[in-house]
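All remarks here apply to the structure that follows.
Values quoted throughout were computed directly from the atomic coordinates according to the rules given, and no laboratory measurement underlies them. No experiment lies behind these values; they were computed from the predicted model shown. Don't worry about glycine lacking a Cβ; one is built from the backbone with ideal geometry, like all the others, and counts go over all protein chains shown.
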Amino acid sequence: MRIATYNTELQRDGPGLFLRDLARGEDDQIAAVLAVVAAADADVLALQGMDYDLTGEALRLFAQSVGYPHFFALRPNTGMPTGLDMDGDGRRGGPRDAQGYGRFSGQGGMAVLSRFPIDANNVQDLSALLWVDVPGATLPTVDSKAFPSVDALAAQRLSNSGHWVVPIEAPGGRFDLMTFHATPPVFDGPEDRNGKRNFDEIRLWSQVLAGEVGTPPPGPFVIAGDANLDPVDGEGIKAAITNLLTLPALQDTIPQGAAGTDTVDWQDPVPGDLRVDYVLPSTHWHVVDSGVLWPAPDDPMARTVAMASRHRLVWVDLSN
């Protein structure tokens, strides 16, 4: 069974535009993303960077285009209005004043595609968990005062997009897909609001597995998503991802592609290529193989992969 994660970067600038572009069938980026998904041939795929619409029509059409009979999405925190100044710039109503960065509600959300049935009625959705309610929360302060304000922190959800535990009925037995898309640990000030939030978003999975938050998976599971944090390079609190990668309950298969373990091609000199996307199976599984769909420059697929997204699809093959 192949499990994969992929930040498609298919978010558009306004609501309904992704569905429009998908339905027209003339968008080069969408065509490239569909080609990457088809080439990966995953049985279960966690997606990020895909606009959410209330009817689910865009996700249905996307899943249909790549032959997945089962799909799932919830409204993400991205673009969800708060009515407060959440980033401390003195203004309200901007994309950074939403629960998660977004110009409109649902921009750049998450989804799950599966060849196997998804038990949607028993999904554990931790997306509404307030940051202040996280055990040992690493909250931003300036001069020992809550940043940007007491009211803002009291309303702030932890998840930039979402944290879901999705039960999937695979032929070899039921397992849980734990998926998320953490905020980038940049685009803030000396209070390190985004860096600290990224730290706690990643750390939440350790707390779930320890039974400190939510309910831990009763059996096999896989953590798959975009942590927006490299264990060595770039910005962010490295302990978040290094602690997750070394949890005794998890296996880091260290997937590789043409750029080694890196999974994103941020072309500016800083930060450059980083490993930020992860598929981490529990120790219940036998790992058969793993990789990053990052072809060598002379590979015929290389141009399509680069056109699709700056991120690269990461996959792990598992057996019971």
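Count the net charge of all other residues whose Cβ sits under 12 Å from the Cβ of Asp41, scoring Lys and Arg as +1 and Asp and Glu as -1. Each step should come with its number before you reach the end.
Details: positive: Arg2, Arg115; negative: Asp43, Asp317.
After counting each charged neighbour, the total is 0.
Go through (1) 53, 45, 43; (2) 85, 60, 39; (3) 73, 49, 33 and flag the label whose value is the computed Cα extents along the principal axes in Å for this structure.
Looking at Cα extents along the principal axes in Å for this model, the match is (1).
Would you order Tyr6, Tyr52 from fewest to most other beta-carbon atoms within 10 Å of each residue's own beta-carbon? All intermediate terms of the calculation are to be shown ahead of the outcome.
Values: Tyr6 30, Tyr52 27.
Going from least to most buried by this count: Tyr52, Tyr6.
Would you order Glu201, Glu26 from fewest to most other beta-carbon atoms within 10 Å of each residue's own beta-carbon?
Details: Glu201 26, Glu26 9.
Fewest-to-most ranking of Glu201, Glu26: Glu26, Glu201.
Of Thr55, Pro281, Met1, which is farthest on the positive side of the dipole of the chain, counting Cα position, with +1 on Lys and Arg Cβ, -1 on Asp and Glu Cβ, and the Cα centre as origin?
Thr55
Could you give the distance between the Cα centres of region 66-119 and region 190-215, to the whole Å?
18 Å
Give the distance, in whole Å, between the Cα centre of region 129-186 and the Cα centre of region 279-308.
Centre-to-centre distance over Cα atoms comes out at 27 Å.
Mean residue ellipticity at 222 nm from the helices of the chain, using -39,500 (n - 2.57) per DSSP H segment of n ≥ 4 over the full residue count, to the nearest 500 deg cm²/dmol?
Details: 7 runs with 67 residues, N = 320.
Mean residue ellipticity, 222 nm, calculated: -6000 deg cm²/dmol.
Which of these, Pro184, Pro295, Pro171, has the largest mean-square fluctuation under a Gaussian network model of the chain (Cα springs below 10 Å)?
Largest GNM mean-square fluctuation: Pro171.
Sorted from fewest to most neighbouring beta carbons within 10 Å, what does the list Thr253, Thr261 look like? List each step's numbers first, then the result.
Details: Thr253 21, Thr261 18.
Going from least to most buried by this count: Thr261, Thr253.
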